[in-house]
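J.: I am attaching a structure below and will ask some questions about it afterwards.
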C-alpha cells in the first residue's frame, strides 16, 4: 500500500469567504476526487477540531493507493489538478508525507 498524507493551513479569508468556510470547501473538493479517480483505495479528509493551544493545520487528507504507480497516475488526472489549483489559491502552508 502507498499512503499519502497532506496537511493544509489556510488563509484567514479569501474574497469574503472565512477560513471555516474555506476548510469545508477544501474538504468537499478533495472528497469529490473519489468519484473521478478509481486508483483511490481509501480517502479520509477532515477539518481540524483541535483547540488546545497547539499550532494546528486546518485540513488534513489521508489517502491510500495499492501501489506507487497508482499514486503517480492519480496526480495526472485533471480533476486532481483542479483541486490542487483551488487549494493553492487559499492556503498559506502545506506539509506532505508519503510512505
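The values are calculated or read from the model by the stated rules, or taken from the named source; none is laboratory data. What you see is a predicted model, and the numbers here were worked out from it, not measured in a lab. Cβ sites come from the backbone with ideal geometry, for glycine too, and all protein chains shown count toward neighbours.
J.: Any residue that is surrounded by 14 or more Cβ atoms within 10 Å (Cβ to Cβ), touching a strand residue (DSSP E or B) at 6+ places or on another chain (Cβ under 6 Å) and either modelled with pLDDT under 95 or over 15 Å from residue 20 (Cβ atoms) (or both) - is there at least one of those in the stretch 51-61?
T.: yes
J.: Picking from 76, 64, which residue would you name as being modelled with pLDDT of 95 or more, closer than 20 Å to residue 97 by Cα and exposed (fewer than 12 other Cβ atoms within 10 Å of the Cβ)? If you could, list the steps in order and put the result at the bottom.
T.: Numbers: 64 fails: exposed (fewer than 12 other Cβ atoms within 10 Å of the Cβ).
None of the others qualify; the one that does is 76.
J.: Just checking, does the stretch 3-17 include any residue being at pLDDT below 95, over 11 Å from the mean Cα position of the chain (by Cα) and either under 12 Å from residue 61 (Cβ atoms) or not in a strand (DSSP E or B) (or both)?
T.: Checked the stretch 3-17: no residue is at pLDDT below 95, over 11 Å from the mean Cα position of the chain (by Cα) and either under 12 Å from residue 61 (Cβ atoms) or not in a strand (DSSP E or B) (or both).
J.: Those residues that are within 17 Å of residue 96 (Cα to Cα) and surrounded by fewer than 17 Cβ atoms within 10 Å (Cβ to Cβ), I need them from the stretch 8-41; list them, please.
T.: Result: 9, single match.
J.: Does residue 1 satisfy the criteria of being exposed (fewer than 14 other Cβ atoms within 10 Å of the Cβ), touching a residue at least 24 places away in the same chain (Cβ under 8 Å) and touching a strand residue (DSSP E or B) at 6+ places or on another chain (Cβ under 9 Å)? Break it down stepwise before answering.
T.: On the way: exposed (fewer than 14 other Cβ atoms within 10 Å of the Cβ): yes; touching a residue at least 24 places away in the same chain (Cβ under 8 Å): yes; touching a strand residue (DSSP E or B) at 6+ places or on another chain (Cβ under 9 Å): yes.
Yes.
J.: Additional query: Does at least one position in the stretch 33-43 carry a residue that is part of a helix (DSSP H, G or I) and touching a helix residue (DSSP H, G or I) at 6+ places or on another chain (Cβ under 9 Å)?
T.: Yes, the stretch 33-43 contains a residue that is part of a helix (DSSP H, G or I) and touching a helix residue (DSSP H, G or I) at 6+ places or on another chain (Cβ under 9 Å).
J.: Across the stretch 50-78, what is the number of residues that are more than 13 Å from the chain's Cα centre (by Cα) and within 15 Å of residue 26 (Cβ to Cβ)?
T.: Residues in the stretch 50-78 being more than 13 Å from the chain's Cα centre (by Cα) and within 15 Å of residue 26 (Cβ to Cβ): 1 in total.
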